[in-house]
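This report concerns only the one structure given below.
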Amino acid sequence: MMFTILAIVGLTICGVLPLANSQDLPHVSDCNLCYKCHYTKDKDPNALPAKFPEPETDAHLKIVPSKAHIAAKEAKRNCSECWGCSTQIQPLKDVMAFGHKFTVELGASPEWLFHADLPDTHITGQKAIVKVWCMPIDKVTGKMRWKCDNTEIAIRGSQHLVALDKVTRECGLDDVTIKVWLAPVNAVVPGLGVHVSWYGLWMERAHGLSMNQLAYIGKRDLVERTIMDLMQEKMNKTRVVRAAIYDLLIAQCDRHAQNVFIDEHGAIKLIDNLNSLKFSWEHCSQDSIFLPGTQKFEIIRFGGNLVTKRLGARARKSTNPLILLDYRCYVEGGKIGTAYPEPVTQCLRKISSLPPVDIKKQYGFSDTRIAEVLSTRAADMLQRGYEWTLKRGKPVNKAPMRYKWQQPCCRLSYGQKHILKCAHDWNITAQFPVGDPLRGGPWRWTYPDPGAYDGDKAFS
């Protein structure tokens with residue numbers, strides 16, 4: 001694979017002279033490509049990754065390399081070995097979970113994700129995930145091309161995630177989602193020699209498996225053993241409730257099953273909080289597999305083809321086990337109301353008491369508009385309660401994306417042919433609001449709209 005990629009991109013190491021001794025070892029900053037990078041000039045095998053520098057207020061501006069940096073790098077020689085890296089990185093590979101190997105879901109975005117050593121990895125054994133923008137190699141095709149499109153989104157996006165991380169910790173919800181921070185990456189990509197020498201978005205690694213992989217496991221023995229034991233007995237139900245609180249507070253719009261991880265002990269971790277607080281998807285107010293009445297929640301219940309009104313769509317025969325992520329199953333009376341954990345209540349009070357301009361400044365958001373969404377959401381959750389806010393709080397989703405609430409399924413069992421089904425009476429109807437479920441506007445296809453009600457009146 002390595003030699004195939006090198007042939008494609010024209011990066012051969014022909015002409016790179018072998019090094020006579022450690023004194024000849026060049027610094028990584030003096031190389032364009034470097035195929036093996038040591039921490040120290042003497043190749044000390046006991047050297048450790050460098051500690052992170054103090055956070056910088058303008059770190060998000062360093063998330064992509066400048067054109068001058070790229071040009072200077074390309075003008076330098078290629079090196080077989082070098083020294084001066086501060087960490088070691090590896091592209092994400094297959095993972096072992098629940099006794100089986102699973103392929104890592106890389107996603108469609110152009111950014112690269114790496115495992116990276118931390119200063120204390122030698123003690124804890126834990127590595128971080130680091131996201132890097134503007135890589136010179138396409139991660140799908142392997143072709144060499146500096147791709148620095150959408151740098152403004154990368155800059156604003158990393159700023160948004162770090163600001164949101166501050167809110168998360170202040171509200172005491174840091175157990176629900178991964179920690180993120182901005183820091184330099186100074187490492188080479190194994191086999192390719194590319195020196196990543198700019199900032200990246202560092203993230204706590206979420207252990208286990210994504211819920212998407214879990215839901216579509218085809219091995220019967222694993223399904224029977226894992227679903228029934230993990231989802232019903234081991235799964236941290238309190239974490240499900242806290243995830244629902246978190247996604248409503250941050251107006252999360254992209255909480256699909258790939259963005260939720262669960263480990264073998266039933267602990268849930270949320271990843272990828274970028275599409276929140278109307279940061280990029282301004283047409284969306286909330287959409288999460290944890291939030292009843294949202295489209296992604298309905299897709300778990302009925303399947304994507306039915307919910308998006310595909311012609312000829314049919315209901316799936318088996319119940320998706322992720323239906324158990326319904327918070328109503330794990331709170332008294334099926335309602336949260338205003339019974340939030342105390343740190344959340346205190347956080348809601350503080351945020352709702354601040355003018356949006358102060359929220360923007362204190363947490364570091366890029367836009368006052370984002371702070372306004374957080375302010376309104378916090379005030380509604382505090383004063384009117386969770387369920388009212390989820391159904392009627394501003395901002396709201398467009399009518400074709402507002403779904404009637406139906407009864408939760410809180411327990412699963414196996415029916416004939418080992419098909420999963422709800423283990424108790426579960427009276428639900430596959431009815432959806434009128435209009436375009438993808439864009440939120442009027443119906444635009446040639447066949448009749450199967451919608452049954454006005455989404456704006458779903459909660460009247």
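The values are calculated or read from the model by the stated rules, or taken from the named source; none is laboratory data. If you're wondering where the values come from, they're calculated on a predicted model, not measured in any experiment. With ideal geometry, Cβ positions are generated from the backbone for all residues, glycine too; neighbour counts draw on all protein chains shown. Ligands, DNA and RNA are stripped out before the accessible areas are found, and what is left, the full protein with its side chains, is counted by its heavy atoms. Shrake-Rupley method; radii C 1.70, N 1.55, O 1.52, S 1.80 Å.
Given only helices, namely DSSP H runs of n ≥ 4 each adding -39500 (n - 2.57), what is the per-residue ellipticity at 222 nm of the chain, to the nearest 500 deg cm²/dmol?
Here the helix-only value at 222 nm equals -7000 deg cm²/dmol.
In region 88-182, which chymotrypsin sites (Phe, Trp or Tyr not before Pro) are in a loop and have at most 15 other Cβ atoms within 10 Å, using DSSP for the loop call?
On the way: sites: 98, 102, 112, 114, 133, 146, 181; in loops: 98, 133, 146.
Within region 88-182, the qualifying chymotrypsin sites (Phe, Trp or Tyr not before Pro) (loop, at most 15 other Cβ atoms within 10 Å) are 146.
Can you give me the solvent accessible area of residue 418 with a 1.4 Å probe, rounded to the nearest 10 Å²?
Result for residue 418: roughly 90 Å² accessible.
Could you rank 182, 164 by how accessible they are, 1.4 Å probe, largest area first? Don't skip to the end; give the middle numbers.
On the way: 182 30, 164 5 Å².
Of 182, 164, the descending order of accessible area is 182, 164.
Projected area of region 249-407, taken from the Cα convex hull and averaged over every viewing direction, in nm²?
The number I arrive at for region 249-407 is 10.6 nm².
Mind listing which trypsin sites (Lys or Arg not before Pro) in region 103-193 are in a DSSP loop and have 14 or fewer other Cβ atoms within 10 Å?
Listed in order of number, the matching sites are 143, 145, 179.
Testing the spin-label approximation: label points 7 Å from Cα along Cα→Cβ at residue 414 and residue 310. State their distance in nm.
Result: 2.8 nm between the two label points.
Of 296/360; 309/421; 237/309, which sit over 25 Å apart, Cα to Cα?
Among 296/360; 309/421; 237/309, the Cα-Cα distance tops 25 Å for 296/360; 237/309.
Where does region 234-313 land on Rg/Rh, using Cα atoms and the Kirkwood Rh?
On the way: Rg = 13.3 Å, Rh = 13.3 Å.
Ratio value, two decimals: 1.00.
State the Cα centre-to-centre distance between region 412-434 and region 323-397 in whole Å.
31
Can you compute the modelled spin-label distance between residue 425 and residue 394, with each label point 7 Å from Cα toward Cβ, in nm?
Taking the simple label geometry, residue 425 and residue 394 are separated by 4.1 nm.
Roughly what would the spin-label model give for residue 443 and residue 166, points 7 Å off Cα along C-beta, in nm?
The modelled label-to-label distance comes out at 4.8 nm.
Would you please give the FRET efficiency between residue 152 and residue 100, computed as 1/(1 + (r/R0)^6) with r the Cβ-Cβ distance and R0 = 51 Å, to the nearest 0.05?
Efficiency, rounded to the nearest 0.05: 0.80.
Hey, what do the phi angles of region 112-124 turn into as Karplus ³J(HN,Hα) couplings, whole Hz, using 6.51/-1.76/1.60 and θ = phi - 60°, x for Gly and Pro?
9, 10, 10, 7, 9, 6, 9, x, 10, 4, 5, 9, 8
Sketch the reach of a paramagnetic label on residue 384 as a point 7 Å from Cα along Cα-to-Cβ, and name the residues of region 437-460 whose backbone nitrogen lies under 16 Å away.
Output list for this probe position: 456-460.
Pop the C-beta distance of residue 454 and residue 51 into the FRET formula with R0 = 56 Å and round what comes out to the nearest 0.05.
According to the calculation, E is roughly 0.45.
Can you tally the net charge around residue 407? Count Lys and Arg as +1, Asp and Glu as -1, for every other residue whose Cβ sits under 10 Å from the Cβ of residue 407.
Numbers: positive: 328; negative: 326, 425.
Result for the neighbourhood of residue 407: -1.
Per residue of region 41-52, in order, report the coupling 6.51 cos²θ - 1.76 cosθ + 1.60 (Karplus, θ = phi - 60°) as ³J(HN,Hα) in whole Hz, putting x for Gly and Pro.
My calculation for region 41-52 gives 5, 8, 6, 4, x, 9, 5, 10, x, 6, 6, 6 Hz in order.
I want to verify the translational diffusion coefficient of the chain in µm²/s; compute it with Stokes-Einstein, Rh as the Kirkwood radius over Cα pairs, at 25 °C and 0.890 mPa s.
101
Given bins 10 angstrom wide, list per bin the percent of all Cα-Cα distances in region 51-194, short to long.
Reading upward from the zero bin: 9, 34, 40, 16, 2.
Mind checking Rg over Rh on region 192-332, alpha carbons, Kirkwood formula for Rh?
1.01
For residue 24 and residue 69, what does the FRET efficiency come to when R0 = 30 Å and r is the distance between their Cβ atoms, rounded to the nearest 0.05?
Between residue 24 and residue 69 the formula returns 0.75.
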